[in-house]
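Read the structure below first, then the notes.
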């Protein structure tokens, strides 16, 4: 019997399991109601479409009719795509940390019918390996505990859920006037600068990067180092540039320009071959020109859909000579690859991840004078606005050619997409991106996002957790709010940004890997505001000078005279009366501007003294 429920799922990861003999359900109240009715535990298996070890466990265990029958009889089995449901993944991961330090995917958790985790792990092999039990042994031990030691199971579940509630990020409304009470403190600039010094001993002086194996590109950490360097800490610049050079020259970067998720060895060799949109988009914002161009080529040639949006990832596995093998396609010479079927794509379009790509392409395109990167950013933004937004609000987190997911949008979606639109507006001068970003920020600050009903009932919704590879949606929202406040002159946006980022920045002093992006924004929030507005029909020369002067606390906007008028009419008061001279560049501090510079040389001199 096969009563698997995943055949109509939108998620590509769930659909990969639609042919399993396991009677999978999607996450939702119905699955847990069935578990209560039958008085059985819930197996929650979390992964994503390009996850190699998820594929391995599927072939070894979930395709096994004997295991499928055991699951059907004694469990309710639930499949979750962590890309589609980051809220479920974050909550489950928080509980799983009590059982293993080696967190990752596949994430295998066992829950009570009220959705409280009582045991968890990651990949379990089909037969015991050393001290690691087989998946069948794990199922047997879980059942024994459920049947014979229920009091112990419930006590564990209760303790873990209580710890999650205590550590959950507060999701109450921030609002445009900040949280109630005084504005929270940020770590001082000197304290943040000292973090760079604390990171220096962790640099691998032989092979570059940080730490040992496995080795990750960690784009948020590298961007913080670049921000610190621009803020006057030369060691930050040096650390970032050295890491970027070794990444570009290593096996972690494919000849087509795309960057793999991590290297399994300390010398950046033997990549884990999956390629994620978020890693590549994050590196774009800081990469030097040749590296950025290669990443943009990969996004354009591999992850881009015909409508301009970007899909989530490319798999590590491909089918060669009738067998599914990891990495073999990537190891072949490029002419030989063309004769083989490439690794499949995770074809989800995720609002937040596309926002990250828009941001990276806009920043890199402006920095390197690359018009195609900006065109790619514009096309992706337009595609997501058309398909995932309604009236300036995110209504869809994830979609595929099969439709839109019912998973609720998260702060990752509103924050990352708003920040991407802000950067695109600053570079292109197109007002519609700025007004849409302002609407997203206002919407996100007006009230808490929807909480999944199962997590809400269980009390285990965690809010957004610390990020190591992906820029935080909370930090991105704060960044977008800060820029919107700078352009409109409304200080309430800055106050909201401080409230959003303060706790994360303070945590980042001791744990910079998980909160590096918050540290970078904390620098910007404490520097005197400097606005550089380039108004020109042909802004190229002055725009290049202005963008070269970007550092924490500086906002650079390029518009034509007609665009300046439209921005001013839409409430962006920094642009008032900026349409009278062409060309002109204005260097301002808190909207108080020096006399306009009329040439690139004049602007260079003003910026040097400002």
Residue check: is residue 22 surrounded by 23 or more Cβ atoms within 10 Å (Cβ to Cβ) and more than 27 Å from residue 313 (Cβ to Cβ)?
no
For residue 330, work out the one condition from (1) at pLDDT 95 or above; (2) surrounded by fewer than 20 Cβ atoms within 10 Å (Cβ to Cβ); (3) out of contact with any helix residue (DSSP H, G or I) (no Cβ under 6 Å at 6 or more places or on another chain); (4) farther than 24 Å from residue 439 by Cβ it doesn't fulfil.
(2)
In this structure, is residue 96 free of Cβ contacts under 8 Å to residues at least 40 places away in the same chain and closer than 27 Å to residue 398 by Cα?
yes
What about residue 460, is it touching a residue at least 40 places away in the same chain (Cβ under 8 Å), within 29 Å of residue 157 (Cβ to Cβ) and crowded, with 24+ Cβ neighbours inside 10 Å?
yes
It is to be established whether one or more residues within segment 227-244 are assigned to a helix (DSSP H, G or I) and closer than 25 Å to residue 331 by Cβ.
yes
Residue 378 within 27 Å of residue 273 (Cβ to Cβ), buried (at least 20 other Cβ atoms within 10 Å of the Cβ) and in the same structural domain as residue 272 (by TED's automatic domain parsing):
no
Would you list the helices (runs of 4 or more DSSP H) that sit entirely within segment 538-610 and hold 2 or more residues that are under 21 Å from residue 230 (Cα atoms) and either out of contact with any helix residue (DSSP H, G or I) (no Cβ under 6 Å at 6 or more places or on another chain) or modelled with pLDDT under 95 (or both)?
540-548, 600-609
Could you list, in sequence order, all residues of segment 497-537 that are in contact with a strand residue (DSSP E or B) (Cβ under 9 Å, 6 or more places away or on another chain) and closer than 14 Å to residue 225 by Cα?
513, 524
Can you spot a residue in segment 488-511 that is farther than 21 Å from residue 426 by Cα and assigned to a loop (DSSP other than H, G, I, E, B)?
yes
Matching residues, segment 37-58, being more than 23 Å from residue 93 (Cα to Cα) and either touching a residue at least 24 places away in the same chain (Cβ under 8 Å) or not assigned by TED's automatic domain parsing to the domain that holds residue 91 (or both)
38, 39
Checked 228, 235, 190, 263 against criteria (out of contact with any strand residue (DSSP E or B) (no Cβ under 9 Å at 6 or more places or on another chain), buried (at least 22 other Cβ atoms within 10 Å of the Cβ) and at pLDDT 95 or above); the one match is 228
Going by what's in this entry, would residue 400 be described as in contact (Cβ under 8 Å) with a residue 40 or more places away in the chain, crowded, with 18+ Cβ neighbours inside 10 Å, touching a strand residue (DSSP E or B) at 6+ places or on another chain (Cβ under 9 Å) and over 30 Å from residue 555 (Cβ atoms)?
yes
Residues to consider are 456, 444, 425; find the one that is within 18 Å of the chain's Cα centre (by Cα), in a helix (DSSP H, G or I) and not assigned by TED's automatic domain parsing to the domain that holds residue 116.
444
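The values are calculated or read from the model by the stated rules, or taken from the named source; none is laboratory data. The shown structure was predicted, so the numbers you read here are calculated from the model rather than taken from an experiment. Reconstructed Cβ throughout: ideal geometry from the backbone, glycine too, with neighbour counts over all protein chains shown.
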